[in-house]
Amino acid sequence: MPKVILLILDGLGDRPVAELSGLTPLEAAATPNLDKLATQGICGLQNALGVGQRPGSDTSHLAILGYDPHLYYTGRGTIEVAGLGMRLEAGDVALRGNLGTVTDDLLVVDRRAGRISDTGPFVKDLDGLSFEGVTLHIKPGTGHRAGIILRGPSLSSHISDNDPHEVGVRIHEVKPLDDSAEAAFTARVANHLFTEAHRILKHHPLNQERVAQGKPPANYLLARGAGFYKKVETFQERYRLKACAIAGGGLYKGLGAFTGMDVLKVPGATGLANTDISAKFQAALEALGGAYDFAFVHVKATDAFGEDGDFLGKKSFIERLDQSAQILLNRPDLLVVVTGDHSTPCALKRHSGDPVPIMMVGEGVRTDQVTAFGERSCTQGGLGRLTGLMIMPEIINLLGLSPLIGN
Ligand code: ZN
């Protein structure tokens, strides 16, 4: 059975750009290797959440990996926290955290406390705070970030953020977002714990040092994106494929961890335009040469260029990726699947509902007439138009693992 490499180029899809002679960045880019794969494979278009739906990166990836976001997505917090290696239990509420700076009147001065580089010594003193049977678990993330779990009975993730998402305004009180007793209870407990955390941080000796050095104190735990954790069937339980995830960005490592994949550390995988794409491919191929059956490889910069409206940057990044993709050619031991999670057209500088090209290349795949990997060329492909949730069944079929329905 071939091993699968699923390469997701974030925000890959785009719209025609006048300055590129009416081509998209992917169409305008010189991509001999991706085009060769398209020629040898079967192509199509996909909308992760359905036609015209404008997905977030979290929901679109869940759908592509076969997890219906309507069932599994309750908020970004659970995914981010999983990415930090925090163990979630059923019933947990998880939030994304920042250490920020507030005045005595709780006005937000800096949401990142001067881009503090390590929250570890601060959050250590908050870990284990509890109130009315709910315990706060916290772990440092990169830079000013931290993962937060509220653990206890009768919690709800239908609560608002305390993070006002802007400076110069007061910290928000956490409010219940529905009429349930659980949401009211969770909001009340969260407010108490965040106030207690503020009291501890305010008097933290390291903050006195920071102030003496002219740095903004890390004196408030800002929280956002509450999600509720229900037990998730792992990728291996679901597909009988041992899977690994290779990504630079925290969300994507989190998506891997959330679906029970092993998240591999790859030096040089940054989640930025300077990422070492070849190192990622190499790591995936090594993993697939060993114990793993399935490698999810994520590349973020295509989306970042789209959000910046930088079509030349997007085009040249795709060209650089294409050079690294040469290693994926002529590999009968592999089923290579390449797609994006959504479109991020440079003209819009945000995600759109436009479909994204997809190709599947491997032994036995029914080829089509498509000879270039692009938004318009792939309209002619044999895969037609898929949704995200159709992708894993298609992969499973190509691996010969689809169960017979009927007899
Ligand atoms: Zn995305």
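The values are calculated or read from the model by the stated rules, or taken from the named source; none is laboratory data. Everything quoted here is computed from the prediction, not taken from an experiment. With ideal geometry, Cβ positions are generated from the backbone for all residues, glycine too; neighbour counts draw on all protein chains shown.
Would you please name the residue that is nearest to the chain's Cα centre (by Cα), looking only at residues in region 126-163 that are closer than 15 Å to Ala113 by Cβ and surrounded by fewer than 18 Cβ atoms within 10 Å (Cβ to Cβ)?
Among them, the one singled out is Thr142.
Considering only residues that are crowded, with 24+ Cβ neighbours inside 10 Å and either over 27 Å from Thr270 (Cβ atoms) or within 16 Å of the ligand (Cβ to nearest atom) (or both), which ones fall in region 8-43?
Those that are crowded, with 24+ Cβ neighbours inside 10 Å and either over 27 Å from Thr270 (Cβ atoms) or within 16 Å of the ligand (Cβ to nearest atom) (or both): Ile8, Leu9, Asp10, Gly11, Leu12, Gly13, Asp14, Pro25, Leu26, Ala38, Gly41, Cys43.
Do we find that Asn407 is at pLDDT below 95 and surrounded by fewer than 21 Cβ atoms within 10 Å (Cβ to Cβ) in this structure?
yes
With the condition kept exactly as written, say whether any residue in region 345-354 is part of a strand (DSSP E or B) and out of contact with any Cys (no Cβ under 9 Å at 6 or more places or on another chain).
Taking every residue of region 345-354 in turn, at least one turns out to be part of a strand (DSSP E or B) and out of contact with any Cys (no Cβ under 9 Å at 6 or more places or on another chain).
Taking region 76-85 as the region of interest, how many residues are outside any helix (DSSP H, G or I) and modelled with pLDDT of 95 or more?
Selection size over region 76-85: 0.
Being within 16 Å of the ligand (Cβ to nearest atom) and either assigned by TED's automatic domain parsing to the domain that holds Val189 or outside any helix (DSSP H, G or I) (or both) is the filter; apply it to region 61-75 and report the residue that is surrounded by the fewest Cβ atoms within 10 Å (Cβ to Cβ).
Tyr73
Filtering region 44-55 down to residues that are part of a loop (DSSP other than H, G, I, E, B) and touching a helix residue (DSSP H, G or I) at 6+ places or on another chain (Cβ under 8 Å), which residue is farthest from the ligand (Cβ to nearest atom)?
Across region 44-55, the extreme among qualifying residues is Leu49.
Could you please tell me which pairs satisfy a Cβ distance under 8 Å, a separation of 6+ or placement on different chains, a first residue in region 175-192 that is at negative phi and in the same structural domain as Asn162 (by TED's automatic domain parsing), and a second residue that is of a type outside the set (Val, Ile, Thr) and assigned to a helix (DSSP H, G or I)?
Close Cβ pairs satisfying both conditions: Lys175/Ala187; Pro176/Ala183; Pro176/Ala184; Pro176/Ala187; Leu177/Ala183.
Hey, can you tell me all the residues within region 315-333 that are under 28 Å from Pro16 (Cα atoms) and free of Cβ contacts under 8 Å to residues at least 60 places away in the same chain?
Result: Phe317, Arg320, Ser324.
Being out of contact with any Asp or Glu (no Cβ under 6 Å at 6 or more places or on another chain) and free of Cβ contacts under 8 Å to residues at least 12 places away in the same chain, is that true of even one residue in region 291-311?
no
For region 211-235, give me the residue count where each residue is out of contact with any Gly (no Cβ under 6 Å at 6 or more places or on another chain) and surrounded by fewer than 19 Cβ atoms within 10 Å (Cβ to Cβ).
Within region 211-235, residues that are out of contact with any Gly (no Cβ under 6 Å at 6 or more places or on another chain) and surrounded by fewer than 19 Cβ atoms within 10 Å (Cβ to Cβ) number 7.
If you go through region 89-125, how many residues are assigned to a strand (DSSP E or B) and touching a Phe, Trp or Tyr at 6+ places or on another chain (Cβ under 9 Å)?
The total comes to 8.
With region 222-334 as the region, which helices (runs of 4 or more DSSP H) entirely inside it contain at least 1 residues that are more than 16 Å from the chain's Cα centre (by Cα)?
Fully inside region 222-334 and qualifying: 235-239, 277-289, 301-307, 311-324.
Can you go through Leu334, Leu288, Leu329, Leu348 and tell me which one is modelled with pLDDT of 95 or more, more than 15 Å from Leu26 (Cα to Cα), within 16 Å of the ligand (Cβ to nearest atom) and among the aliphatic types (A, V, I, L, M)?
After ruling out the rest, the residue left standing is Leu348.
I need the full set of residues from region 302-320 which are touching a Phe, Trp or Tyr at 6+ places or on another chain (Cβ under 8 Å) and either closer than 13 Å to Arg15 by Cα or within 11 Å of the ligand (Cβ to nearest atom) (or both), in order please.
Thr302, Phe311, Lys314
Output yes when any residue across region 366-373 is buried (at least 19 other Cβ atoms within 10 Å of the Cβ) and either modelled with pLDDT under 95 or part of a helix (DSSP H, G or I) (or both), and no when none is.
Scanning region 366-373 turns up no residue that is buried (at least 19 other Cβ atoms within 10 Å of the Cβ) and either modelled with pLDDT under 95 or part of a helix (DSSP H, G or I) (or both).
Does region 7-59 hold any residues that are within 24 Å of Ser316 (Cα to Cα) and either acidic (Asp, Glu) or outside the structural domain of Gly248 (by TED's automatic domain parsing) (or both), and which are they?
Within region 7-59, Asp10, Asp14, Glu19, Glu27, Asp35 meet the criteria.
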